[in-house]
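Visitor: Take a look at the following structure, please.
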Amino acid sequence: MIHELTPASDATALDVLKALGVDELSEITWPLPNMEPVSANVYWQAFAEGAPDALIEIGIRKVGYRACRVWATFNEGKRGGVVIAQEIGSLEPQFFTWSACAHEWDARHDRLMSVYQCTKCQVAYRVEVEG
Ligand SMILES: [Zn+2]
């Protein structure tokens, strides 16, 4: 059952709170920063790619007029993750992505790889050129 998922360690849960700029779960502002609705397919793709470092249960939050139980993943590299909001009663899920920063990517390309770096928070990742 979904509420028996292994909780994140204290250390990674604290990392999530730090990324959100708060000390306590109850201080998290809702919706999460840069939260965008996505389809179930996009959610699962992001979940599979993101290798989440932490999974936290945020608790009961309103999505529109619906009261939902909300969980969020957090990936240190991406400074964000995915959100699932399950409506209480119907159990219907809604999916979102969130990011501590609204990244603005600056790309540098050479023969072997492309390097993308956010000009706001400096997060970076590289994509090796195939072949
Ligand atoms: Zn950024």
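The values are calculated or read from the model by the stated rules, or taken from the named source; none is laboratory data. As the structure is a prediction and not an experimental result, all values here were calculated from the model. Backbone-built Cβ (ideal geometry, glycine too); neighbour counts: all protein chains shown.
Visitor: I'm trying to understand the selection: among the residues of the range 51-69, which are modelled with pLDDT of 95 or more and crowded, with 19+ Cβ neighbours inside 10 Å?
Guide: Hit for the range 51-69 is CYS68, nothing else.
Visitor: Pick out, from the range 37-131, the strands (runs of 3 or more DSSP E) lying fully within it that include 2 or more residues that are assigned by TED's automatic domain parsing to the domain that holds LYS18 and away from the ligand (no atom under 16 Å from the Cβ).
Guide: Ranges flagged: 54-63, 66-74, 80-87, 93-99.
Visitor: Residues of the range 20-36 being at pLDDT below 90, outside any helix (DSSP H, G or I) and in contact with a strand residue (DSSP E or B) (Cβ under 8 Å, 6 or more places away or on another chain), which ones?
Guide: Scanning the range 20-36 gives a single hit, ILE28.
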